[in-house]
Structure formats: structure tokens, C-alpha cells
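Enquirer: Have a look at this one before I ask anything.
What follows draws every value from the coordinates through simple rules; no lab data is involved. Please read these numbers as outputs of a predicted model, since none were measured by experiment. Every residue, glycine among them, receives a Cβ derived from its backbone with ideal geometry; neighbour counts consider all protein chains shown.
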Amino acid sequence: MRVLVNNAGASGVVVDEARLRALNIDPETWRIRREELRNELNDIETLNEEKLEAILKRFLHDLKEHRLEAGGWSLMLPTYSISKATLNAYTRVLAKRYPNMLINCVHPGYVNTDLNWHTGPMTVEEGARGPVKCALLPNGGPTGYYFDQTEVAGF
């Protein structure tokens, strides 16, 4: 059995606004704010490694020049957010390139771990449901999708 699981975390494109508001965090600070950039990351028909690399180079340039806000990038943990957004996009590129493999993004949920100082409401076992479900998908199952826990969600 071969398994490829991308723990999607925060996508940067889709934001769970209710959960962030519950933590008194403005959801807009997590989202990639420039619509054309979100559209580039979501355009699976033309998306490829070169375009992803160009997006990352633009991000690095804006980061070095202190122009994240002007560039429309996420302002909350910007390097983490763009890394997750581009990793999620790359997952779709790979799924398109290898149609006989099931390659998906999995966000396990806000799991109680050392990384978040044990503030997550979900147990590790609850968080494992999505990755395990994706690992056990049958041949011909969904590929190139983003799973929020165990359900297909939008990027």
C-alpha cells in the first residue's frame, strides 16, 4: 500500500471564519487577500510547478521588501499560510499529473497538540479520522480534493 497524505493545515485561501472569530482573531488576517492570486492558485487547468514557483518568488520579494499587505498576502503567519496554500495547490497539480493515484489534501481539524499549546478541542484520535479515511480510499476514489477532516471542502 502506498500512501501520500498532505496535512493541509491552514490553506490561506479558505478560512474557517467561525473558528477564528471564536478565538477573537480576524479571519481576514489569515486569508490571501488578493483575489487574482487566489484565482491563480485555484486555476487547476493552467496551474503548474513554474507558476507556483513564480508565486513563491513574488511572495519572497514582497516579504523582503516589507510589502506583504500591499501584495495582498496573508498577514497572520504569512510564511506558514503561503506554504500551505502552495502545497495544497501543488497537491492538485500532482493529482492531475498522476490520475491513477489518489492524491488529496487533508486538514485534520484543530487538534489538541503541543504545537498549539493544547488549545485544540479535538483529540488526536479525532484528528486522525480524515487522514485515515483518505489513506483507505478505494481505487477510483476522489483525487485532487481538499478534505476538511472527513468531508470534501473547497480550497
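Enquirer: In terms of the Cα gyration tensor, with a ≥ b ≥ c the square roots of its eigenvalues, is the stretch 36-155 rounded because a/c is under 1.5, prolate because a/b exceeds b/c, or oblate?
Expert: oblate
Enquirer: To make sure I understand the rule: partners must be lysines, Cα under 28 Å from the Cα of LYS64, and not fewer than 8 residues away in the same chain. Which ones qualify?
Expert: Leaving aside lysines fewer than 8 places away in the same chain, those within reach of LYS64 are LYS51, LYS84.
Enquirer: Among the listed pairs LYS57/LYS133; LYS96/LYS133; LYS57/LYS96, give every one whose C-alpha distance is greater than 27 Å.
Expert: LYS57/LYS133
Enquirer: Show the residues, 5+ positions off or on another chain, whose built amide H is closer than 5 Å to the amide H of ILE103.
Expert: Long-range HN contacts for ILE103: GLY144.
Enquirer: Label GLU50 and VAL132 with points 7 Å out from Cα along Cα→Cβ: what is the distance between them in nm?
Expert: Once both label points are built, they end up 4.4 nm from each other.
Enquirer: Hey, can you grab everything whose amide H is under 5 Å from the amide H of ALA153? Only 5+ residues off in sequence or another chain; H modelled, so Pro and N-termini drop out.
Expert: Here the answer is TYR146, PHE147, ASP148, since their amide H atoms fall under 5 Å of that of ALA153.
Enquirer: Rounded to a whole number, what is D in µm²/s for the stretch 97-155 from Stokes-Einstein with the Kirkwood radius over alpha-carbon pairs (37 °C, 0.692 mPa s)?
Expert: 269
Enquirer: Can you give me the long-range amide H partners of THR113? Hydrogens built in the peptide plane at 1.01 Å from N, cutoff under 5 Å, separation of 5 or more residues or another chain.
Expert: The answer is HIS118, THR119, GLY120.
Enquirer: Relative to the present Cα-Cα distance, how much length would full extension add between ASN39 and SER83 at 0.36 nm per residue of separation?
Expert: 14.2 nm
Enquirer: Kindly give Rg over Rh for the stretch 67-122, based on alpha-carbon atoms, with the Kirkwood expression for the hydrodynamic radius.
Expert: Reported Rg/Rh, Kirkwood definition of Rh: 1.10.
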